[in-house]
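Beneath this line is the structure, given in structure tokens, with notes to follow.
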Amino acid sequence: MMILTPLEWYLFKEDPVLSLEKLKQSGAFQLCGKVFKSGETTYSCRDCAIDPTCVLCMNCFQNSAHKNHRYKMHTSTGGGFCDCGDTEAWKTGPFCSIHEPRTTRSNNEGRRAVKLGSGVHCREAKENIKFHSENVSQHPLHVEVLHADVMAHQKFALRLGTWLNKLMSYSSDFRQIFCQACLQEDVTGDPCHISRLMLWDAKLYKGARKILHELIFSSFFMEIEYKKLFAMEFVKFYKPLQKDYISDDHDRSLSVTALSVQMFTVPTLARHLIEEQNVISVITETLLEVLPEYLDKNNKFNFQGYSQDKLGRVYAVICDLKYVLISKPITWTEKLKMQFLEGFRSFLKILACMQGMEEIKRQVGQHIEVEPDWEAAIAIQMQLKNILLMFQEWCASDEDLLLVAYKDCYEAVMKCTTSNISNEKSVIYLYGHTLECKPYRVSIDPVSIHLPLSRTLAGLHVRLSKIGAFSRLHEFVPSEDFQVELLVEYPLRCLVLVAQVGADMWRRNGLSLISQVFYYQDVKCREEMYDKDIIMLQIGASLMDPNSFLLLILQRYELVDALRKLVPTKDQDLLKQYNALIEEMLQLLIYIVGERYVPGVGNVSKEEVIMREIIHLLCIEPMPHSIIAKSLPENENNETGLEKVIHKVAIFKKPGVSGHGVYELREECMKEFNMFFYHYSKTQHSKAEHMQKKRKKQENKDEALPPPPPPEFSPAFSKVVNILNCDIMIYILTTILRRAVELDSHLWTEAMVQMVFHLLALGLLEEKQQLQRAPEEEVTFDFYYKASRLASSSGNVQNIQTLLEKLKGIPQLEAQKDMIAWILQMFDTVKRLREKCSITVATVLGSELIKSDESMQDKEKAERKRKAEAARLHRQKIMAQMSALQRNFIETHKLLYENTLDLQGKENSVVEEESIPMAIDSSRIALGPKRGPSVGEKEMLTCILCQEEQEVRLENAAMVLSACVQKSSALTQQREKPLELSGETPDPLFMDPNLACGTHTGSCGHVMHAVCWQKYFEAIQINSRQRLHVEFFDLENGEYLCPLCKSLCNTVIPIVPLQIQKINSENAEAVAQLLSLARWIETVIARISGYSVKNAKGEKSKVSILVNQGMGDTTLEFHSILNFGIQPSVKFSSSIKEMLVLFATTIYRVVLKVPPDETDPRIPAMTWGTCAFTIQSIENLLEDEGKPLFGALQNRQHSGLKALVQFAVAQRITSPQSLIQKHLVRLLSVILPNLKSDDTPCLLSVDLFHVLVGAVSSFPSLYWDDAVALQPSSVSSSYNHLYLFHLITMAHIFQILITIETDHLPTQLQEDSEEARSASSLYSEISQYVGGCINCDVPGSYLWDCVKKGIIPYLRCSALFFHYLLRVPPPEELLSVCEESQFNALCSYLSLPTNLFVLFQEYRDTVIPLLQRWCSDPVLPSLLKGRDAAVRYPRKRNKLIELPEDYSYLLNQASQFRCPRSSDDERKHPVLCLFCGTMLCSQNICCQEIVNGEEVGACIFHAIHCGAGVCMFLKIRECKVVLIEGRARGCLFPAPYLDEYGETDPGLKRGNPLHLSHERYQKLHLLWQQHRIIEEIARSQETNQILFGFNWQLL
């Protein structure tokens, strides 16, 4: 800058910043000039762009009219140029409302200085680097030793280029001065400065090239006149530039040759270059000059052993030819015609080198040893496809030009043909006709599939016909010189080759030939290969004698003998081969006569052609838009014309939550179905035929599938139909029908007869149409006469009508009876038309005939309907019997049926009412003395492994459910605060109210014997050691796939039987008189104190403290808790205990990520924690989906939750009771401050539902005694549950009240109610205790509303917990979704008053001391004042982030994304976290992190912090969702963005506008909230097993 800044002052004579700003404001820029970086999104308007290369940058597009048009989005590979402001690039709307020219440069320069020192030392370093780089790359690094001064000059040159670039963006004058200077020549005749820079481009390194290209963009390309001068310089040195690029090792985007698209696609500039510099010839000559090594001795291309990289670079030259031709001229000058023709002749030289290239011979005896390289030739054919079509279109735009081009192409074809044809001839005799032809057999002699010259001539011939210039052809190609037989020869050979491949005659030639045949007929190539060969045969049929033409076809198919007489052979393979060839030949004849949907061949439009293609695709099955589009050929603008006509022939059916939208064929278009449509593959043909016959059968119509009436041939092709009524055709048809009638010949098949019927139908339809169009005497087409009156001199040849009558009775042709009847009726129709002289009478008689035909058809339909009805009744009877058997089976095997529902994909199946049996007259209260009876029944389960049934009992061997335990952040209230990396959880007993990270346990619901499961798991381990590839599940951590549904599991949940306990109402009432809440608390504290005395062995107990604080009574004894009812403790079998320990240690291992340790004191707390968190997750999910609390769970959720709750209560028996008691005391200390110790958290810092589950599960430990194992009786349990729940509920109400939002109170208040007054009173009392930390002036109605809303999630979770713990049926109101009745029903079920504040009044003497102590917690003020924000209730229900409706906004966001750790602007892979909205730099070294000594990518690192290892990302530039779990597992999932056709667009390959599908996004949301991301990943990886998968760890 020390040099450039003074230079700027010198130029502007004032502060450069001010001057540049003035220039910027004074200049009106008409061109945007933005250079695209790799990965940037570009937009092309399908309505307005001249061609697909005309694109806009994001800013210009968003501010242009094209935003509301049909547009496509694509990702740039870099180096492109925004065309905003270029009037030649757009039909309308060339300007956006605002745009600024802007260019960028990359800091990644492609070279680096690695050594500074003496020359000797630098040369040593050079050799070392070259030596070591040879080991890691095909080519060693290019290393040079430069003098420091040279290096400094180079650096300055780059800085100067950047400065000039900046300067030119401000002023047109600067640009023009720069361009003039660059175009000057130092010495006359030498290249100018800019040309010399271009010629040096291949020698420059990456950074220098970028600066040069940006200079060209910001100078020459911004000034139209200088762009033309630059283009002329570019074409002048085109050959050396392309040769340098082909031998270069840099990408195309870094070569100056990539600039060609910016010049050649400008219509006026392209035509100027054709006229002045003959650019077409320059490009074609360049092609020939860069490919000499691939020419053989016959001057034909042969790409065996080709270099894929080199050919890939040659394709760039071919693309330049396409760019030049992309805009067809409207007006022609003589000079343009002359130069174009010269270029066309030059192009014909390339085609001549391709004509007949890479000939192959049939391999006989031994299979080919080495597969030949075939890909290069097909790839070049694909590259040339649109160029060939564009040349033909250019020629067709001027009649004289077309005729001259036709002549040149014909001569080129003849030159290639006559050089390979011998003078030897053979003579063929058949049915009185003779043909002389060259002796050639495809099965023996060489044949080539590549005939671009012949096919180009066919295309020109069709265009002659289309514009009506065929009559002038003799002026350019004399009729006597026109050798149509030679024109037909090579395409016919190619078609015969395809037929023989289909007949399995070329099996020994390997897959290479099969692949070539596939592409020959595939949509990517067929327009300029297969279709043109059919057209060339139609040309032959229109110009040759029809009998000679058919004899030539028979000769080339090698079927003369097969049709002349029966082939005397017993070789079944040979007979099969002959039959296959006859079928292929008949099919070809159908195509020649029937395929008229080519403008110029038939009188049809382009739209009609596309409509026909779509109709036949949709006759196969309903299809999505993308499949239809892929099945249609694209033009030079990558358009298929689909959108213009699709709605005329099809109806769009919108997609559901999954799948895609499809088009269904309109009913009125069904009649256009042609069974022998020439673009059908064999599979498509069979499927379409089956679907159409099935449809007709359902509609009670006959199953005949005659061809639809074809359009009329154009005049040039009108004689093609003559082959239908020539002698040889009638002979072929008769011979095949006679063989079918005789039945003793093996040389016929049903398919062959079907094709004969089709040809007969075509002949009759043609004659009928001609008779209806013209008087009978003018119609020379006499197919009816030939077919119905043929007879031989010996009299033993029957006519076709007679043969058809006989075919009716042949059982093998039962399926063709309707078609035979249709043909016979058509014979009768044509006969009546022939018998009348006038068209009018013929029409009348035709209508009478139709009526008679209709009456016959009506009779047939009535008979068919009667039979169909009888069949329907029979089916109905059978189905009724099957349904009865099925119901009986389901009742008998009910559990097995339920267990297999998930496997059958019925994920939305819900628990039937039998799963929650109702006791109609009993109490539906779960807690307290009025608790209703537990409803249980004998539980018989079937093991999915051994299929044996077993009752679930305490003393029986354990049965288990397959399950998956995982850490989860799905309910977190602090998404913005990252989770800690450490696996250690210091105190798992208490869950933070933020629910930042919980432990979820899910099950697929499939049951196994514990022993069966252990054997299964051991077998998996043994099998895994023997397999070569690595399993995607971690056996070391206990992972496996469920044997039935293949869900990923990592443990099993033991199924603990429910212990039915009945309450004696009299005993319960008696206890109620004695056991108040205060008494219960005193009893509990006395028991705890007694244990403390025992455990302390003489140490001072807490009893005195409790008494002093007014919470105890010295008269209470240690054993008083036993007075209210006890019973012996439950005894479990050793098998169940073992499984209890196994599941508990799995939870411990997953949570802490450490090896299992059965003795760890945290295990019980973790088991209660997973139970509580799983219930909270399910409650959240039910609310989210709008489902009722009960009766709507899936079978898997119901089974898993039932087992999990029983496990949580039973687990305590596997741990020391003193440990359980210690945990209980700590849990109770949260709500009973008298028990508080140093490690007791503040009431606002815990989730009280977790406390409830832990306290209820551990409370029976207070009944434990050294001498005898006891547990509370039913009555004791009912009161324990009731008082625990009431205490914790009051504590939760306190949490809600003290954290209420009081900053924005409602202005409109509800009427004062009893609940509102109670709420206001309690809130005032609390505000006094907290000393002014909360606002005391809050309306009571607002307080009550907040309490009611805030406590409902807790009540719902509690109802689920106690229901699955006690199995007391819930109220009916909870079986449906009704917000109004839900609260009252919950209160009733949980023994709560509907006015919750009555609890505080009822237990006032007990609660007031508790309230005072809760409020006096020293941590409370800091939580309330916001230093550590307290959670407010109800907690927010988490959703995936909001996504924009239009995907363009995401692409815009991605384009602006800059990696925070990278200084270069190379392409990045931005991904969006759908949990929190963070944008990350994926798959890049710059953002990798180290976790536990391992490198992980940015996504994996983020997933650990954001989603506890599980996360969901959107890859923006690829429009794919990525699911991640752990460090080594992931899968791709469809993005929730759909185009207007209901389809996703992975990779943005189609580029259609995308909009958010809320249903798909909701599906993703449910996948997350159902904790099924891991399951989805497992299913995906199980389905798509590959040996070397994607390295998810570095994502």
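The values are calculated or read from the model by the stated rules, or taken from the named source; none is laboratory data. Here the structure is a predicted model, which is why all the values come from computation and not from measurement. We place every Cβ from the backbone using ideal geometry, glycine too, and count neighbours over all the protein chains shown. Surface accessibility is based on the protein's heavy atoms, side chains included, excluding ligands, DNA and RNA. Shrake-Rupley method; radii C 1.70, N 1.55, O 1.52, S 1.80 Å.
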* To do: At least 2 residues that are open to solvent by 50 Å² or more (accessible area, probe 1.4 Å) and out of contact with any Gly (no Cβ under 7 Å at 6 or more places or on another chain) in each: list the helices (runs of 4 or more DSSP H) lying fully within the range 242-354 that qualify.
  => 267-277, 279-290, 308-325, 334-354
* Asked: Which of the following residues is surrounded by 15 or more Cβ atoms within 10 Å (Cβ to Cβ), not in a strand (DSSP E or B) and not basic (K, R): Q950, Q973?
  -> Q973
* To do: Please work out if R1527 is over 15 Å from T41 (Cβ atoms), open to solvent by 30 Å² or more (accessible area, probe 1.4 Å) and of a type in the set (K, R).
  => yes
* Asked: So which residues in the range 1179-1197 are surrounded by fewer than 24 Cβ atoms within 10 Å (Cβ to Cβ) and of a type in the set (A, V, I, L, M), if there are any at all?
  -> L1181, L1182, A1192
* Structure fact -> All-but-one check, P978 against (1) open to solvent by 30 Å² or more (accessible area, probe 1.4 Å); (2) at pLDDT 90 or above; (3) in contact with a helix residue (DSSP H, G or I) (Cβ under 6 Å, 6 or more places away or on another chain); (4) not aromatic (F, W, Y), failing number (2)
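Yes/no per residue for (1) of a type in the set (G, A, S); (2) modelled with pLDDT under 75; (3) farther than 19 Å from V1268 by Cα:
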| residue | (1), (2), (3) |
| --- | --- |
| E1082 | no, no, yes |
| A1096 | yes, yes, yes |
| K1100 | no, yes, yes |
| D1113 | no, yes, yes |
| H1119 | no, yes, no |
| P1128 | no, no, no |
* To do: For the range 1416-1428, indicate whether the set of residues that are hydrophobic (A, V, I, L, M, F, W, C), in contact with a strand residue (DSSP E or B) (Cβ under 9 Å, 6 or more places away or on another chain) and not in a helix (DSSP H, G or I) is non-empty.
  => no
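Per-residue answers, yes or no, for (1) closer than 23 Å to A580 by Cα; (2) crowded, with 19+ Cβ neighbours inside 10 Å; (3) at pLDDT below 95:
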{"site": "L464", "(1), (2), (3)": "no, yes, yes"}
{"site": "S479", "(1), (2), (3)": "no, no, yes"}
{"site": "L486", "(1), (2), (3)": "no, no, yes"}
{"site": "R508", "(1), (2), (3)": "yes, no, yes"}
{"site": "L537", "(1), (2), (3)": "yes, yes, no"}
* Asked: If you check E1315 against the conditions, is it among the charged types (D, E, K, R), within 23 Å of R1413 (Cα to Cα), part of a helix (DSSP H, G or I) and open to solvent by less than 50 Å² (accessible area, probe 1.4 Å)?
  -> no
* To do: Could you tell me whether L513 is modelled with pLDDT under 95, open to solvent by less than 10 Å² (accessible area, probe 1.4 Å), hydrophobic (A, V, I, L, M, F, W, C) and under 47 Å from the mean Cα position of the chain (by Cα)?
  => yes
* Would you be able to say whether some residue in the range 472-483 is of a type in the set (D, E) and not in a helix (DSSP H, G or I)? => no
* Structure fact -> Those residues of the range 672-695 which are open to solvent by 30 Å² or more (accessible area, probe 1.4 Å) and among the aliphatic types (A, V, I, L, M) amount to M691
* Does M232 satisfy the criteria of being on the phi < 0 side of the Ramachandran plot, open to solvent by 10 Å² or more (accessible area, probe 1.4 Å), assigned to a helix (DSSP H, G or I) and without any contact (Cβ under 8 Å) to a residue 60 or more places away in the chain? -> yes
* Structure fact -> So, first residue closer than 22 Å to L927 by Cα and touching a residue at least 12 places away in the same chain (Cβ under 8 Å) in the range 1373-1387, second residue among the acidic types (D, E) and open to solvent by 80 Å² or more (accessible area, probe 1.4 Å), Cβ within less than 6 Å, six or more apart or across chains; the pairs are A1385/E1373
* To do: Please indicate, with yes or no, whether at least one residue in the range 1240-1248 is modelled with pLDDT of 90 or more and part of a helix (DSSP H, G or I).
  => yes
* Structure fact -> Checked the range 1558-1567 for anything in contact (Cβ under 8 Å) with a residue 60 or more places away in the chain and open to solvent by 10 Å² or more (accessible area, probe 1.4 Å); matches are E1559, R1560, Y1561, Q1562, K1563, L1566
* **Members of the range 1325-1339 that are modelled with pLDDT of 80 or more and either more than 21 Å from A1291 (Cβ to Cβ) or surrounded by fewer than 15 Cβ atoms within 10 Å (Cβ to Cβ) (or both)** => Q1328, P1339
* In the range 1568-1587, how many are open to solvent by less than 20 Å² (accessible area, probe 1.4 Å) and within 18 Å of the chain's Cα centre (by Cα)? -> 3
* **Index of the failed condition, A821 passing every other in (1) among the small types (G, A, S); (2) modelled with pLDDT of 85 or more; (3) over 30 Å from W748 (Cα atoms)** => (3)
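Condition check ((1) open to solvent by 60 Å² or more (accessible area, probe 1.4 Å); (2) under 25 Å from H213 (Cα atoms); (3) modelled with pLDDT under 80) across all residues:
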site	(1), (2), (3)
S133	no, no, yes
Q138	yes, no, yes
M151	no, yes, yes
K155	yes, yes, yes
Y170	no, yes, yes
Q176	yes, yes, no
Q180	yes, yes, no
V187	yes, yes, yes
* Would you confirm whether any residue within the range 1387-1405 is out of contact with any helix residue (DSSP H, G or I) (no Cβ under 6 Å at 6 or more places or on another chain) and among the β-branched types (V, I, T)? => yes
* Asked: Has the range 616-627 got at least one residue that is open to solvent by 70 Å² or more (accessible area, probe 1.4 Å) and at pLDDT below 90?
  -> no
* Give the residue that is most open to solvent (accessible area, probe 1.4 Å), with candidates limited to residues of the range 1538-1557 that are at pLDDT 85 or above and among the charged types (D, E, K, R). => E1540
* Asked: Given the conditions (1) modelled with pLDDT of 90 or more; (2) on the phi > 0 side of the Ramachandran plot, and given that L341 satisfies all but one, which numbered condition is not satisfied?
  -> (2)
